[in-house]
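First up is the structure itself, then whatever we jot down about it.
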């Protein structure tokens, strides 16, 4: 599919497809001369590079390029490009080095949010605490303050590194909640958890007023499903709190409209482009890049095939050079694979968590902490042998 997208000849597609089983890196807007140099250098290293038809004979000025090899070959390519000073090759070399660091886990290690360290060397669990009457999975269960606090400490005891607290449902078709009601649901809970624990607390909100009060009460991260698009004051709240983390998620539409026939021409590319734009927006407004976490937004304005494609291609999100959060817990795409109610989707959630670990994601957001923690413990023990 990717070879066809960049307009590789049919003969080239047939010969290069078998070579794509290793590590592939896609470059955009590459000048013809640079594309030809990259192809020749990769061939000399025992790899290959796919370019648009017309690049080799000089009739196509700009091409996308897919480098095909492995980490060692790409490292050697970067070394060889050190001698190239023209045709955007120095910038391409820099990007290849950065991508290799992301792929090998060298860039993202320890993150700090309000002075609380989060070790990204191993995948972390974010426990979901919905203080709502209408969430798709656990509405009303934790609406009472005492029940919410009890659930938070249960998840902490089971191995959660982050507790994500939300006072407004974001299920498809969900109605909006007033600022006053959302504050009433979450602030006292955050304050009491903070008084008893140094756990990292995330506030799940799109409203700047909620985020501001939650941070005062002891929250450390703002999980904004709108990626700071809904409330123009949100970016100022985060810029004014320079140690606070922010999660930027991709979504088409709003919770009320997002599942009304979402359409994509190139799902992963469009999500990556959106997230890159929101990262650039955040950084340009004074939010440090090392405070940003990204979420591809499974279930938020996605077709069933889009959700599966995100899981299949999670590793590609490392190119954005930010920690990746996977939030697939109990979501309805699992029901399309096997018929189930939200509370009966734990096996599907565990499968998604396993895929997240294999792809190198940094955080999984889940309802059932214990089961996911045990799955990760087993997989990590095998991985570390």
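Some notes on this structure:
- Members of region 86-126 that are within 25 Å of residue 243 (Cβ to Cβ), at pLDDT 85 or above and in a loop (DSSP other than H, G, I, E, B): 114, 115, 120, 121, 122, 123
- Residue in region 128-150 that is in a strand (DSSP E or B) and modelled with pLDDT of 95 or more present: yes
- The combined condition, being surrounded by 16 or more Cβ atoms within 10 Å (Cβ to Cβ), within 25 Å of residue 381 (Cβ to Cβ) and not assigned by TED's automatic domain parsing to the domain that holds residue 92, is fulfilled by residue 357.
- Filtering region 293-322 to residues that are in a helix (DSSP H, G or I), more than 10 Å from the chain's Cα centre (by Cα) and surrounded by fewer than 22 Cβ atoms within 10 Å (Cβ to Cβ) leaves 304, 305, 308, 309, 311, 312, 319.
- Residue within region 323-335 that is in a helix (DSSP H, G or I) and within 18 Å of the chain's Cα centre (by Cα) present: yes
- Residue match in region 66-82 (condition: at positive phi and either loosely packed, with under 14 Cβ neighbours inside 10 Å or in a loop (DSSP other than H, G, I, E, B) (or both)): no
- Boolean, residue 181 is part of a loop (DSSP other than H, G, I, E, B), at negative phi and surrounded by fewer than 17 Cβ atoms within 10 Å (Cβ to Cβ): no
- The lone criterion from (1) touching a strand residue (DSSP E or B) at 6+ places or on another chain (Cβ under 7 Å); (2) under 20 Å from residue 284 (Cα atoms) left unmet by residue 233 is number (1).
- When the residues of region 258-268 are filtered to those that are modelled with pLDDT of 90 or more and more than 23 Å from residue 283 (Cβ to Cβ), the one that is surrounded by the most Cβ atoms within 10 Å (Cβ to Cβ) is 267.
- Members of region 341-354 found to be buried (at least 18 other Cβ atoms within 10 Å of the Cβ) and either farther than 15 Å from residue 330 by Cα or without any contact (Cβ under 8 Å) to a residue 24 or more places away in the chain (or both), listed by number: 345, 348, 349
- Residue check for residue 290: part of a helix (DSSP H, G or I), within 21 Å of residue 325 (Cα to Cα) and modelled with pLDDT under 95: yes
- Yes/no for residue 46 being part of a loop (DSSP other than H, G, I, E, B), at pLDDT below 95 and touching a helix residue (DSSP H, G or I) at 6+ places or on another chain (Cβ under 8 Å): yes
- Subset of region 154-178 [surrounded by fewer than 16 Cβ atoms within 10 Å (Cβ to Cβ) and either closer than 25 Å to residue 362 by Cβ or at pLDDT 95 or above (or both)]: 154, 157
The values are calculated or read from the model by the stated rules, or taken from the named source; none is laboratory data. Fair warning: this is a prediction, and the values are worked out from it, not measured in the lab. Virtual Cβ from ideal backbone geometry, glycine too; neighbours counted across all protein chains shown.
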